[in-house]
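The values are calculated or read from the model by the stated rules, or taken from the named source; none is laboratory data. Please read all numbers here as calculations on a predicted model, not as lab measurements. Cβ placement follows ideal geometry from the backbone for every residue including glycine, while neighbour counts extend to all protein chains displayed.
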Amino acid sequence: MNAAQLEIRTEGGGTILCFTGPLTARAIAPLWSRALATAKAPTPLTLDLAQAEMIDTSGAALLLAIERAHDHTITWHGLTDAQTKLLTQLRAALPQGAPIMPAPATIVRRSLWRTLLIRVGFFGETILATLALPRKLRFLRGAEFFRLADRAGTQAVPLVAMMGFLIGMILAFQSAIPMRQFGAEIYVAALVAISLFRELGPLLAAVILAGRTGSAFAAELGTMRVNEEVDALVTMGVDPETMLVIPRMAAAMLVMPALTLGIDIAGLLGMGFVMMILGFPPDAVIGQVQMATSPHDLLLGLFKSLVFGAAIGLIGCRAGLTAGGGPRAVGEAATSAVVGGIVAIILLDGLFAVIFYRLGL
Amino acid sequence: MSAPAISVEGVGQTFGKRVIFQNVSFDIAVGEIFVVLGGSGCGKSTLLKQMIGLLSPTAGQITVLGHDVARETDAVRRSIGVMFQSGALFGSMTLIDNIMLPLALFTDLPLAARQDIARLKLALVGLADAENLLPSEISGGMAKRAAIARALALDPPLLFLDEPSAGLDPITGAGLDRLILDLRAALDCTFVVITHELQSIFAIADRCVMLDREAQGMIALGVPAELRRSSDNATVQAFFNRQPTVQPRGA
């Protein structure tokens, strides 16, 4: 397509803007600023459009912008009837004065108090729904629960095994360096085993669950919220906490101890591999682990993982069910689920550390 | 006679062994409002996707403004605007940003010019005061109007509208029909409208083609009023003269 041309002439104390070629969106870019700058001059203005091949609405927008920029009367020359009609129609459509600028919703944020209220309210509603569950068992769907558990648990096993093995190896290597200075390399086995059972196993499993499953819960429920599926459930008399939240929380709680155990075992294998490289026979490593740890270390870790699972499931579902409108809300819900989940497990872990210390566990 | 805006020649579409339609042929003249109609599942939206290059026909050829859609898809897409059934506005952008997007992508216009043009398009569809709203904050009718404004952003000579009045109240639907007629009068562009709303068909269509699932193809082509009056096809007659299966209360 030919580019539009603008010739600016001065005749008899006035200015003539002579347009040539097509005045279309793709063609008018080079002459927009020049035309408007000329139009601002207070001299009489003539717009000569006899050579303009065609004028679409973008071209018309340029002519109307010139008209607005020029405070005085404009003489139009060479407009066809159809072009005059188009300009008249567009002039009529344009609002008078400045456009109304409603506050965009994106900058409206919930207050901290309101956010807290929503979160506490959601927590309370879930507890009430759990207490009322025996009367609403028909709302639960077994197949859905196993689908959720499969996605959260079985499908996470390869990742958990890899992460656990690598963390076990890294911990063993990093610990072996300072321990060697004291000739205490054999105690690396005890150090890694205790760390994994009591802290790292549940914590790592929880981070994986928050990243994989908490975000998936939030995105799935957020999409359901946006598509009014949640409203449909509510109008059917089904509370979303019973049908959507409890199965997800239960699935997260079910898989977390298993994932934690998986990380513990994979981590011990990684540590054992490093210890073998360092020259310790498997019997010595196993003996050291047995001596340094007891079943209650493992059980404490598994108990913590159960609570972490419940928190991640609950936070993921809360993020999804309280999402706003539109696709952006779904993304925000997923982010909120991951961030909220990780913050919650760190806080809970700190709380457990204090409680276990006070109880002498 | 001038070249048609769109030429559909012996077009067919199958998915595996399932035949959607076959041997569909018609021409659409420049400046015409052409309606593709038919019952649910007859392939209206499939035909639309073929015409805009989102789906390759399994048989036949479609030419849009002289370009073969299958081989010159980019050239076709530079000449068309499409309004999808859901509006398909970008949820993270305000209405004015939605309309400015094609202008920013395909022209060198300065920001102020893009804003001016986008405001004009919004004014044209009656949304001048909604430019800073997000798609999630507007009604279905407004979303469809905004989608038309976005389709108009680059003033394409050819506009495809997929069920513009579906799901809207009769007043809003009639308003959209009025808008389509006004735009044709103002911009002289060609419209291809997919719909099965009878009132809308009679209000806007110069001509129409009717697809049928049972016949696996087109069963009528012509002016809607004439088809209703003189078609001897039972399905066409049933479609244009449909009687309510439930008698209205008080009838």
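Considering each of A:Gly313, A:Gly360, A:Gly301 in turn, give the residue that is among the small types (Gly, Ala, Ser), in contact (Cβ under 8 Å) with a residue 40 or more places away in the chain and over 21 Å from A:Gly121 (Cα atoms). Can you show your working first?
Numbers: A:Gly313 fails: over 21 Å from A:Gly121 (Cα atoms); A:Gly360 fails: in contact (Cβ under 8 Å) with a residue 40 or more places away in the chain.
Exactly one of A:Gly313, A:Gly360, A:Gly301 is among the small types (Gly, Ala, Ser), in contact (Cβ under 8 Å) with a residue 40 or more places away in the chain and over 21 Å from A:Gly121 (Cα atoms), namely A:Gly301.
Under 9 Å by Cβ, and 6 or more places apart or on different chains, what pairs join a residue from the range A:111-134 that is aromatic (Phe, Trp, Tyr) with one that is part of a helix (DSSP H, G or I)?
So the pair list comes out as A:Phe122/A:Glu241; A:Phe122/A:Val245; A:Phe122/A:Leu314; A:Phe122/A:Cys317; A:Phe122/A:Arg318; A:Phe122/A:Leu321; A:Phe123/A:Leu314; A:Phe123/A:Arg318.
Anything in the range A:242-276 that is surrounded by fewer than 22 Cβ atoms within 10 Å (Cβ to Cβ) and closer than 20 Å to A:Leu140 by Cα? List them, or say none.
A:Met243, A:Ala250, A:Met253, A:Leu254
Being in contact (Cβ under 8 Å) with a residue 24 or more places away in the chain, within 14 Å of chain B (Cβ to nearest Cβ), outside any loop (DSSP other than H, G, I, E, B) and touching a Gly at 6+ places or on another chain (Cβ under 8 Å) is true for just one of A:Pro22, A:Pro30. Which residue is that?
Working: A:Pro30 fails: touching a Gly at 6+ places or on another chain (Cβ under 8 Å).
Answer to the selection: A:Pro22.
Take B:Ile171 and decide whether it is touching a helix residue (DSSP H, G or I) at 6+ places or on another chain (Cβ under 8 Å) and either more than 14 Å from every other protein chain (Cβ to nearest Cβ) or surrounded by fewer than 23 Cβ atoms within 10 Å (Cβ to Cβ) (or both). Walk me through how you get there before you give the answer.
On the way: touching a helix residue (DSSP H, G or I) at 6+ places or on another chain (Cβ under 8 Å): no; either more than 14 Å from every other protein chain (Cβ to nearest Cβ) or surrounded by fewer than 23 Cβ atoms within 10 Å (Cβ to Cβ) (or both): yes.
No; evaluated as a whole, the condition is false for this residue.
Those residues that are away from chain A (no Cβ under 14 Å), among the hydrophobic types (A, V, I, L, M, F, W, C) and surrounded by 20 or more Cβ atoms within 10 Å (Cβ to Cβ), I need them from the range B:174-195; list them, please.
Correct list: B:Leu176, B:Ile180, B:Phe191, B:Val192, B:Val193, B:Ile194.
Do the conditions hold for A:Val285, that is, is it among the hydrophobic types (A, V, I, L, M, F, W, C) and either assigned to a helix (DSSP H, G or I) or crowded, with 21+ Cβ neighbours inside 10 Å (or both)? Working first, answer last.
Numbers: among the hydrophobic types (A, V, I, L, M, F, W, C): yes; either assigned to a helix (DSSP H, G or I) or crowded, with 21+ Cβ neighbours inside 10 Å (or both): yes.
So A:Val285 passes the test.
List pairs: first residue in the range A:45-69 and more than 11 Å from chain B (Cβ to nearest Cβ) and touching a residue at least 12 places away in the same chain (Cβ under 8 Å), second residue assigned to a strand (DSSP E or B) and of a type in the set (Ser, Thr, Tyr) anywhere in the structure, Cβ distance under 6 angstrom, at least six positions apart or on different chains.
A:Leu45/A:Thr15; A:Thr46/A:Thr75; A:Gln51/A:Thr20
Condition test on A:Arg318, is it basic (Lys, Arg), within 18 Å of A:Ala219 (Cβ to Cβ) and at pLDDT 90 or above?
On the way: basic (Lys, Arg): yes; within 18 Å of A:Ala219 (Cβ to Cβ): yes; at pLDDT 90 or above: yes.
Here the answer is yes, as A:Arg318 does meet what is asked.
Here are B:Thr73, B:Thr63, B:Thr58: which of them is surrounded by fewer than 18 Cβ atoms within 10 Å (Cβ to Cβ) and either under 19 Å from the mean Cα position of the chain (by Cα) or among the small types (Gly, Ala, Ser) (or both)?
B:Thr73
Exactly one of these conditions fails for B:Gly140: (1) facing chain A (nearest Cβ under 7 Å); (2) more than 29 Å from A:Ala4 (Cβ to Cβ); (3) at pLDDT below 90. Give me its number.
The number of the failed condition is (1).
Is there any pair with a first residue in the range A:206-224 that is in the same structural domain as A:Val338 (by TED's automatic domain parsing) and farther than 18 Å from A:Leu159 by Cβ and a second that is of a type in the set (Ser, Thr, Tyr) and surrounded by fewer than 24 Cβ atoms within 10 Å (Cβ to Cβ) whose Cβ atoms are under 8 Å apart and which are 6 or more apart or on different chains, and what are they?
That search, which allows pairs on different chains as well, returns A:Ala218/A:Ser336.
Taking the range A:323-346, which residues are within 14 Å of chain B (Cβ to nearest Cβ) and small (Gly, Ala, Ser)?
Once the filter is applied, which keeps residues that are within 14 Å of chain B (Cβ to nearest Cβ) and small (Gly, Ala, Ser), the range A:323-346 yields A:Ala323, A:Gly324, A:Gly325, A:Gly326, A:Ala329, A:Gly331, A:Ala333.
Mind checking which pairs have a first residue in the range B:107-131 that is facing chain A (nearest Cβ under 7 Å) and touching a residue at least 40 places away in the same chain (Cβ under 8 Å) and a second that is among the β-branched types (Val, Ile, Thr) and part of a helix (DSSP H, G or I), Cβ under 8 Å, 6 or more apart or different chains?
Every condition considered, the pairs that remain are B:Leu124/A:Thr57.
So, of the residues in the range B:149-168 that are more than 14 Å from chain A (Cβ to nearest Cβ) and in contact with a strand residue (DSSP E or B) (Cβ under 6 Å, 6 or more places away or on another chain), which turns out to be surrounded by the fewest Cβ atoms within 10 Å (Cβ to Cβ)?
The first filter runs over the range B:149-168 and keeps only residues more than 14 Å from chain A (Cβ to nearest Cβ), leaving B:160-166, B:168.
Restricting the remaining residues to those that are in contact with a strand residue (DSSP E or B) (Cβ under 6 Å, 6 or more places away or on another chain) gives B:160-163.
On the way: B:Phe160: 23, B:Leu161: 26, B:Asp162: 24, B:Glu163: 21.
Step by step, filter the range B:149-168, then rank; the result is B:Glu163.
Need at least 2 residues that are more than 24 Å from A:Thr24 (Cα to Cα) per element, so show me which strands (runs of 3 or more DSSP E) inside the range B:17-122 make the cut, counting only ones lying wholly within it. Steps first, answer last, please.
On the way: elements: B:18-28, B:33-38, B:59-64, B:80-83.
Strands (runs of 3 or more DSSP E) meeting the threshold: B:18-28, B:33-38, B:59-64.
Test A:Phe280 against the criterion of being among the aromatic types (Phe, Trp, Tyr), touching a residue at least 24 places away in the same chain (Cβ under 8 Å) and buried (at least 17 other Cβ atoms within 10 Å of the Cβ), and give yes or no.
Working: among the aromatic types (Phe, Trp, Tyr): yes; touching a residue at least 24 places away in the same chain (Cβ under 8 Å): yes; buried (at least 17 other Cβ atoms within 10 Å of the Cβ): yes.
It is true that A:Phe280 is among the aromatic types (Phe, Trp, Tyr), touching a residue at least 24 places away in the same chain (Cβ under 8 Å) and buried (at least 17 other Cβ atoms within 10 Å of the Cβ).
Scan the range A:75-93 residue by residue and report those that are on the phi < 0 side of the Ramachandran plot and more than 11 Å from chain B (Cβ to nearest Cβ).
Kept after step one, since they are on the phi < 0 side of the Ramachandran plot, are these residues of the range A:75-93: A:75-77, A:79-93.
Hits for the range A:75-93 are A:Thr75, A:Trp76, A:His77, A:Leu79, A:Thr80, A:Asp81, A:Thr84.
Go through (1) buried (at least 17 other Cβ atoms within 10 Å of the Cβ); (2) under 30 Å from B:Asn98 (Cβ atoms) one by one and return the number of the condition B:Cys42 breaks.
(2)
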